[in-house]
Amino acid sequence: MPDKNIDNSDLGALEARVDELIRTVSQLKTENSALRNQQDNLVNERAVLIEKTEQARTRIESMISRLRAMETRS
């Protein structure tokens, strides 16, 4: 017949391990959510920067065209 103390000890260790796993899963879910939010923010920021870069490029190209037009008139 198995010793009840060993069974209780094994059960207690298993319970502690399950509790630890539950805490780890919860922590990972929180971290995953934060990382997804951070990724969304970075994707949005990148889109804004791409748009600003495109606007700057358009303005610079327009200025170059005007300068060339002024140069040919002279």
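The values are calculated or read from the model by the stated rules, or taken from the named source; none is laboratory data. Bear in mind that the values here come from a model prediction, so they are computed numbers and not experimental data. These accessible areas exclude ligands, DNA and RNA; they are computed on the full protein's heavy atoms, side chains included. Shrake-Rupley method; radii C 1.70, N 1.55, O 1.52, S 1.80 Å.
L42 sits with roughly 100 Å² accessible to a 1.4 Å probe, with DNA, RNA and ligands left out of the calculation.
Report summary: the helix-based calculation at 222 nm, which adds -39500 (n - 2.57) for every DSSP H run with n ≥ 4 and divides by the residues of the chain, gives -36000 deg cm²/dmol.
The phi-based Karplus calculation (6.51 cos²θ - 1.76 cosθ + 1.60; θ = phi - 60°) puts the 3J(HN,Hα) values of the stretch 47-59 at 4, 5, 5, 4, 5, 5, 5, 5, 5, 5, 4, 4, 5 Hz, whole numbers, x for Gly and Pro. Rolling a 1.4 Å probe over the protein heavy atoms leaves I22 with an accessible area of roughly 110 Å².
Taken one residue at a time, the phi angles of the stretch 12-19 give Karplus couplings (6.51, -1.76, 1.60, θ = phi - 60°) of x, 5, 5, 4, 5, 5, 5, 4 Hz. Gly and Pro are set to x. With the whole protein complex present, K52 retains an accessible surface near 120 Å², based on a 1.4 Å probe.
Computed over the chain, the quotient of the alpha carbon radius of gyration and 2.2 N^0.38 Å is 2.80.
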